[in-house]
Amino acid sequence: MRKRWVVGALTVTALAATAITVGTASRASAAPKLTNVTLQLKWFPQAQFAGYYAALEKGYYKSAGLNVTIKSGGVDIIPEQVVASGQAQFGIDWLPSLLAARDKNTDLVNIAQVFARSGMTQLTWKDSGISTIAKMKDKKVGNWLGGNQYELFAALTKNGMDPEHNKGVTIVQQQFNMDAFIKRQIDSASAMTYNELAQVLETKNSKTGKLYQMSDLNVIKMQNVGTGMLEDGIFSTGKWLKDSANQATAVNFLAASLKGWAYCRDHAADCVGFTLKAGPTLPKGHQTWMMNEINKLTWPSASGGVGVMDKAAYAQTAKISKQFGVIKKTPTAAYRTDLAVKAVASLKKAGVDVNGKNWKAANIKLTAGGK
């Protein structure tokens, strides 16, 4: 309501001013003081991070006593460096990247593993007959490299090829689009289920004038061939977490964030909207596909609840990381579960479904260009 000042007797004006001052002070003292923290994302705004946008938009962070700043990532932004330098208290990145940073004595610790399974795949054309990793022998196989190749390389090695030295297979550095695959310049291309796979399905087949369909493709999931590695997790620094007050802040941050992910599981369309509000980098149709696929990577969660690290999945990621030189030393103390366990317990107490066992994926229909 707008305040209206009336010229009148001095005493009346003074009393009014006093009343307003006291009222303002009372409201200020009653308002809880929020703890400022920053979250550094891995990439530009997209549904891959919808749970954090939801926690912000739904007021979960504020209710947890936090004022959270979410910083977008980008080509030249390495979340591990941002968090290690103290510019953010929390970061999002793939577990192998965190292990690599720790291997160089950077004091980082995974405190919650949001994605329960890998979204990495290799695509081949159905009419190529390359329906397995083994059949990629002597073929041109694309990957972005730069740290994204380890799941694929492990799968190729498992099937008797030597991708590190281009023996038995030719590795081609893939651009961050699917042009080389669509033009059949390579026999197989790496694709995340939530992004590059959709790019192909949003493209028209020049021969038919219609969009490519799943029936045109073989989608070979690294998770299914036994070389999947853990991707998006939440991390902080060991130094920051030594403070008990910061540990309490971390628990509150995790509880609010994981509640955001539960909301996106049950209200996917809302979370697409939150993502587009954060930054319309990708069109709505593409983001809708991504949201559905991200939910598949997160739900159902392991028995411990969303965010609680699965020991076997961690061990597999660490093993592949060491096998392919991502790390030289066997990692120790690279993650802790106590904070996520406390966060999940508080959510369960509040009636939040932390496992999502009954969640069903939607059937998303893509359109040209992901519009």
Any residue at all in the range 243-253 that's crowded, with 24+ Cβ neighbours inside 10 Å and either touching a helix residue (DSSP H, G or I) at 6+ places or on another chain (Cβ under 9 Å) or farther than 20 Å from Gln46 by Cβ (or both)?
yes
May I ask you to verify whether Ile220 is more than 20 Å from Trp289 (Cα to Cα), open to solvent by less than 30 Å² (accessible area, probe 1.4 Å) and not in a helix (DSSP H, G or I)?
no
Tell me yes or no: at least one residue of the range 306-314 is modelled with pLDDT under 95 and not in a helix (DSSP H, G or I).
no
In the range 96-138, residue most open to solvent (accessible area, probe 1.4 Å) [restricted to those that are of a type in the set (Lys, Arg) and closer than 16 Å to Ala191 by Cβ]:
Lys126
Picking from Ala54, Ala101, which residue would you name as being aliphatic (A, V, I, L, M) and either free of Cβ contacts under 8 Å to residues at least 24 places away in the same chain or assigned to a strand (DSSP E or B) (or both)?
Ala101
Considering the range 269-320, residues that are of a type in the set (Val, Ile, Thr) and touching a Phe, Trp or Tyr at 6+ places or on another chain (Cβ under 7 Å), and then whichever is most open to solvent (accessible area, probe 1.4 Å), we arrive at Thr281
Flagged in the range 124-155 as assigned to a strand (DSSP E or B) and in contact (Cβ under 8 Å) with a residue 60 or more places away in the chain, in numbering order, are Thr124, Trp125
Sort out which residues of the range 160-169 are surrounded by fewer than 16 Cβ atoms within 10 Å (Cβ to Cβ) and outside any helix (DSSP H, G or I), and write them in order of number.
Gly160, Asp162, Asn166, Lys167
State whether one or more residues within the range 321-331 are touching a residue at least 40 places away in the same chain (Cβ under 8 Å), in contact with a strand residue (DSSP E or B) (Cβ under 9 Å, 6 or more places away or on another chain), open to solvent by 20 Å² or more (accessible area, probe 1.4 Å) and outside any helix (DSSP H, G or I).
no
Residues located in the range 170-195, provided they are buried (at least 22 other Cβ atoms within 10 Å of the Cβ) and part of a helix (DSSP H, G or I)
Phe181
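The values are calculated or read from the model by the stated rules, or taken from the named source; none is laboratory data. Please read these numbers as outputs of a predicted model, since none were measured by experiment. Every residue, glycine as well, gets a Cβ built from its backbone with ideal geometry; the counts of neighbours run over all protein chains shown. To get the accessible areas, we keep the full protein, side chains included, count just its heavy atoms, and leave off ligands, DNA and RNA. Shrake-Rupley method; radii C 1.70, N 1.55, O 1.52, S 1.80 Å.
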